[in-house]
Amino acid sequence: MNLKDIFPKDGRRKNMYCEKCGNSMILTYSDFSEEISGVTVSVEELVYLLCENCNIKYLSDHSRFAIIHLHQRASEKYLDTITSKRNKNEEDFGFTKVPFIYDPDDYYHIPGLAREDNSGFLTPVFFNKPVLLKFQNHNDYRVRFVSKTYGSLYKGNDFDISFGINKSNKVIMWLGDIATLSENEQYYLRSENIESNHDIGSEFYDGQIEIKFTDCTPEDKLINARSNFLEFCHNEFSFEISHLNKETLESISNFNPPILHTEKEQKDIIDLLNKINIESLDSFNLSKKITELGGNPDKLGSLKKIELLFKMKFSHKDISKIISPLFVLYDMRINLFHAISNEQKMETMKSICSRLDITESSTFDVIYPELLKQLTTCYEELTISAINDSTSPMSLERHRP
């Protein structure tokens, strides 16, 4: 191997994506031993970027420069062999007094994180997913999702910090952002802090580091619209209309479009949609607010309670028509999971297609995208922008939280 082959191609830093498949990579450790321009350079536990999809390893830029430095030392001493054991980096970046667990290797070796100024700010800190529940279930805090893997924690005007969710369903935040929180809030996070798994591939990383925004999928648009709707309800009614629990978080993470539209896929995706949009509704809070407004929530299910609440509060809107897609979703779940006659199933499907305004004989591959579109529109029209007859609906464009 020639020494010039160790230098970054075209003088550019290595990015986070596999050159073969384009997937994001993780850090891994492996021994290195190569003859480079007449010098055998060996390093124990060198840091690589690994594509798990292709099983290909790439040298990180930091590792490249370490090899170049070793080669230079050997050349200066006229050595034909040089060996080094890489010592584990235990650097404390000093951002917080709270002893957060993080790995400085992530900061130095994951492309795009190391900066000349404010060293260590973009160190990823990893958490168990329930950390989001701790904040969402506290009256002072909110959790907002822009997409399945990108969102923010915020507390009024006090703070608003972004988070990502990686392929292992671990939550990621930047150390420098965490340091802006009060010590009590930091300890709140610390209770769910875990060792790094060196994987920050997510829309969080793409957007914040690579300034790379993919087009919103219909699924992400729905998650975003729902998040905006929940925020509107919190502001309008001063209570949580939906409870964020572990099952809802898992459902959001697993919310991917069906591929072959098999019966199993249909059941899985409709079940997920129900968990996210219907089963997560807080029936107790809905009843309490309806009662406060002089209504009677007795014997009503969660969907009927939302319908009644919005009719009482916003009588000038055709709430029954706006909220119809949620009832369609509920009926689809009944049709797929309950023991009913084929005749009943056929009649329900006709009703579903009619309410979605699509051809009566439409199959699931037609129903699913239309249902997602109309559920998204339902949330948009139930939010304050539509309620107040604003000329511009709440933006669903991808943005940094």
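The numbers here are math on the coordinates, done by the rules we state, and not lab data. Fair warning: this is a prediction, and the values are worked out from it, not measured in the lab. Backbone-built Cβ (ideal geometry, glycine too); neighbour counts: all protein chains shown.
Table for the structure above
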| item | result |
| --- | --- |
| For the range 171-327, alpha-carbon Rg relative to the globular expectation (2.2 N^0.38 Å, N residues) | 1.28 |
| Cβ charges +1 (Lys, Arg) and -1 (Asp, Glu), total dipole of the range 218-387, debye | 460 debye |
| Extension gain (nm, one decimal) between Asn245 and Ala339, 0.36 nm per residue minus Cα-Cα | 31.0 nm |
| Rough spin-label spacing in nm, given labels placed 7 Å along Cα→Cβ, for Glu360 and Glu265 | 2.8 nm |
| In nm, spacing of pseudo-spin labels at Lys129 and Met346 (7 Å Cα→C-beta vector) | 4.1 nm |
| Rh by Kirkwood over Cα pairs, then Stokes-Einstein D for the range 185-268 at 1.306 mPa s and 10 °C, µm²/s | 97 µm²/s |
| Nearest 10 degrees, 0 to 90: helix 302-313 Cα axis against the chain principal axis | 70 degrees |
| Cα-based convex hull volume of the range 104-208 per residue, rounded to whole Å³ | 102 Å³ |
| Aspartates and glutamates whose Cα lies under 14 Å from that of Lys77, excluding same-chain neighbours fewer than 8 positions away | none |
| The range 284-325, Rg to Rh (Cα coordinates; Rh as Kirkwood inverse mean 1/r) | 0.95 |
| Size of electric dipole in the chain: Cβ of Lys, Arg +1 and of Asp, Glu -1, about Cα centre, debye, nearest 20 | 540 debye |
| Under-5 Å amide H pairs with Glu45, H placed in peptide plane, nonlocal only | Ser30, Asp31, Phe32 |
| Size of electric dipole in the range 104-208: Cβ of Lys, Arg +1 and of Asp, Glu -1, about Cα centre, debye, nearest 20 | 480 debye |
| Amide N proximity, the range 1-44 versus Ser75 label position 7 Å along Cα-to-Cβ, cut-off under 13 Å | 2-7, 36-40 |
| Residues with amide H under 5 Å from that of Asn23, placed H, sequence gap 5 or more | Cys18 |
| Once the Cα gyration tensor of the chain is diagonalised, semi-axes √(5λ) in Å | 50, 25, 16 |
| Rounded tilt (10° steps) of 263-274 against the dominant C-alpha axis of the chain | 80 degrees |
| Residues Asp140 and Thr83, FRET efficiency given R0 of 45 Å [Cβ-Cβ distance, rounded to 0.05] | 0.25 |
| Dimensions in Å of the range 3-85 - Rg and Dmax from alpha carbons | 13.5, 42 |
| Sites Glu35 and Phe213 - FRET efficiency at Förster radius 45 Å, r taken between beta-carbons, to 0.05 | 0.55 |
| Cα-based radius of gyration of the range 29-187 once divided by 2.2 N^0.38 Å, which approximates compact folds | 1.32 |
| Ascending count of other beta-carbon atoms within 10 Å, so fewest first, for Tyr188, Tyr379, Tyr102, Tyr205 | Tyr188, Tyr102, Tyr205, Tyr379 |
